[in-house]
Amino acid sequence: MRVVLGVGGGIAAYKAAELVRALEKRGHQVQVVMTAAAQQFVQPLTFAALSGQKVITGLFAGATSSEDTLSSAVEHIGVAQDYDVLVVAPATADLLAKFANGIADDFLTTLYLAFTGPVVLAPAMNSNMWNHAATQRNLSVLRERGHSFADPEDGWLACGTTGPGRLAEPDRIAELVGRFAQTKHDLEGEHILITAGPTQEPLDPVRYITNRSSGKMGYALANAAVARGALVTLVSGPVSLPVPLGVTAIHVRTAVEMRDAVMSCLEDSSIIIKAAAVADYYLSAVPHRKMKKTAARLPLELDPTPDILAEVGQKKGGRMLIGFAAETDHLIDEARRKMVTKNCDMVVANLVGQEGTGFEADLNEVTILTRAGETIHAGPAEKSEIAERILDQILRLRLTLRAIGETA
Ligand code: PMT
């Protein structure tokens, strides 16, 4: 794949050299573009030696005649057309601001506006700059535009502080870029909202009710969807999984918090997939003090939690809604009942409570029911494979519903 790598003017520019190596190790051809500020940190010769290509250092750099000037002036169009992915690392606060606001005052920012393929941004800056409202606003504009992000990591920064803002490891960035070579981009432009993991419902300051969901199924869906070009927001209960690259995560604990997060994202979503194992009951009045153990029985008066799937089903409009059903028996009947009563377009049914699939397992086996009357079986297979099949069936169902005039 042909990758154009924009290098911004931050101390992390030196790590862009490692990124060139990581990309070339994966068989990609790399054209480096450096901003003027980047050249203060690393010599263009370094990148020329690594990439085997001349480094582009400015709109009219090296032009000595009017013909040169003309060819330089349109060179960014040629690069924009000839390359498959634009990666910017480090993407400084200044570059993010220019990209977000369409400012084109050098080769890289001009190239960005002319480029129509996938964009991968790897921000790096001081923590205060990262947390600044202006930067966060620019980031949300760029995420809305559908760009992928190798978010910065927490750690020691060159300015002597620690915190968020450290450039993601070159291999992680190269892995994210590599996805654009491997997979079909059939979810480009989709905003997919996915829930995953358990919820925790407090009984007192020390104890809570939860379940065995590890989040693997929902995280596999998020990972597969972002690799296929979707903009993915993952609303996650407490799990011990890393957020997949390029995915925006909202971490919640209780069913009420999950419901609030889902409803706040609903407007911007085109597809909603509810893989989370949401608690069905909770203690509505949690005592402030730890319940003391006595010899007597402990009766608990629990209330039903908000039924998020049902609420989304009522408000989904033309969006596609995919529910899950976790049952120990009557799987298909229960799944069908949920599909109708919660107004789902599809329900992914899986038996739980057995060894090897379902909760916590690496594998899953599902029966997918659609409101077009189809029943598709998949697995037992890795959850990453099951996730791909579910996404395939969502796209297929959408075509079916459109063909019979039911928009979704
Ligand atoms: O996370 P893993 O360890 O990988 O395990 C995967 C899984 C077994 C958790 C997953 O495949 C799965 O089945 N998720 C749904 C579990 C669940 O809560 O199923 P349910 O039949 O109880 O709920 C039906 C649907 O309603 C689900 O989409 C659920 O997200 C939703 N729900 C449930 C209760 C509630 N209060 N609000 C909801 O939205």
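The values are calculated or read from the model by the stated rules, or taken from the named source; none is laboratory data. Only a predicted model underlies this, so the values are computations on that prediction, with no experimental measurement involved. All Cβ positions, glycine included, derive from the backbone under ideal geometry; neighbour counts span all protein chains shown. SASA here: full protein model, heavy atoms, side chains in, ligands and nucleic acids out. Shrake-Rupley method; radii C 1.70, N 1.55, O 1.52, S 1.80 Å.
I want to verify the translational diffusion coefficient of the range 257-408 in µm²/s; compute it with Stokes-Einstein, Rh as the Kirkwood radius over Cα pairs, at 4 °C and 1.567 mPa s.
Values: Rh = 17.2 Å.
The Stokes-Einstein estimate is 75 µm²/s.
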message: Counting each pair of different Cα atoms once, what's the Kirkwood radius of the range 320-367 in Å, rounded to one decimal?
response: 10.9 Å
Ile394, Ile11, ranked by accessible area, largest first (probe 1.4 Å): Ile11, Ile394
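Starting from the range 277-365, pick out the trypsin sites (Lys or Arg not before Pro) whose DSSP state is loop and whose Cβ has at most 13 other Cβ atoms within 10 Å.
Values: sites: Arg289, Lys290, Lys292, Lys293, Arg297, Lys315, Lys316, Arg319, Arg336, Arg337, Lys338, Lys342; in loops: Arg289, Lys290, Lys292, Lys293, Arg297, Lys316, Arg319, Lys342.
Qualifying residues, ordered by number: Arg289, Lys290, Lys292, Lys293, Arg297.
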task: Report, ordered by chain and residue number, the aspartates and glutamates lying within cross-link reach of Lys290, taken as a straight Cα distance under 15 Å and ignoring same-chain residues fewer than 8 apart.
output: Glu201, Asp204
query: Per residue, what volume in Å³ does the convex hull of the Cα atoms of the range 182-268 enclose?
result: 85 Å³
task: Compute the Kirkwood hydrodynamic radius of the range 312-397, taking the inverse of the mean of 1/r over all pairs of distinct Cα atoms, and give it in Å to one decimal.
output: 13.0 Å
task: Using the Kirkwood radius over Cα pairs, work out the Stokes-Einstein diffusion coefficient for the range 270-334 at 4 °C and 1.567 mPa s, in µm²/s as a whole number.
output: 85 µm²/s
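I need to check one value: relative contact order of the chain, counting alpha carbon pairs closer than 8 Å and at least 6 residues apart, in percent. Mind showing how you got there, number by number?
Working: 860 pairs, mean separation 42.2, N = 408.
For the chain, the relative contact order is 10 percent.
Translational diffusion coefficient of the range 246-306 at 20 °C, 1.002 mPa s, Stokes-Einstein with Kirkwood Rh over Cα pairs, in µm²/s as a whole number. Show your work: numbers first, answer last.
On the way: Rh = 14.6 Å.
So the translational diffusion coefficient is about 147 µm²/s.
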- prompt: Whose amide H sits under 5 Å from the amide H of Phe149, counting only residues 5 or more places off or on another chain, with H placed in the peptide plane?
  reply: Leu121, Gly246
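Give me the percent of DSSP beta bridges within the chain that run antiparallel, rounded to the nearest 5.
Details: 18 of 61 bridges.
Rounded to the nearest five, the antiparallel share is 30 percent.
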- request: Name the lysines eligible as straight-distance cross-link partners of Lys342: C-alpha to C-alpha under 18 Å, and not fewer than 8 places from it in the same chain.
  value: Lys274, Lys315, Lys316
message: I want the local charge near Thr254. Using Cβ-Cβ distances under 10 Å, sum +1 for each Lys or Arg and -1 for each Asp or Glu among the other residues.
response: -1
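Over the range 244-298, with the other protein chains present, what is the accessible area per residue in square angstrom, probe 1.4 angstrom? Mind dumping the intermediate values first?
Numbers: 3350 Å² over 55 residues.
Value for the range 244-298: 61 Å² per residue.
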field: GluC sites (Glu not before Pro), loop per DSSP, at most 16 other Cβ atoms within 10 Å - longest free stretch of the chain
entry: 1-187
message: Test of understanding: extend the Cα→C-beta vector of Ala49 to 7 Å, then name every residue of the range 17-36 with backbone N under 17 Å from that spot.
response: 17-22, 32
message: Taking 0.36 nm per residue of sequence separation and subtracting the Cα-Cα distance, how much length would be gained by fully extending the chain between Glu406 and Glu153, in nm to one decimal?
response: 86.7 nm
message: From the phi angles alone, apply the Karplus equation (6.51, -1.76, 1.60; θ = phi - 60°) to the range 166-173 and give each ³J(HN,Hα) in whole Hz, x where the residue is Gly or Pro.
response: 7, 4, 4, 4, x, 5, 5, 5
query: Which value does Rg/Rh take for the chain over its C-alpha atoms, Rh per Kirkwood?
result: 1.05
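Roughly what % of DSSP beta bridges within the range 107-254 run antiparallel, to the nearest 5?
35 percent
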message: Using each residue's phi in the range 202-218, evaluate 6.51 cos²θ - 1.76 cosθ + 1.60 at θ = phi - 60° and report the 3J(HN,Hα) Karplus result to the nearest Hz, with x for Gly and Pro.
response: x, 9, 6, x, 10, 10, 8, 9, 8, 9, 8, 5, 9, x, 4, 5, x
Extreme residue, positive dipole direction of the chain, given options Ala36, Ile194, Ala335 (C-beta unit charges): Ala335
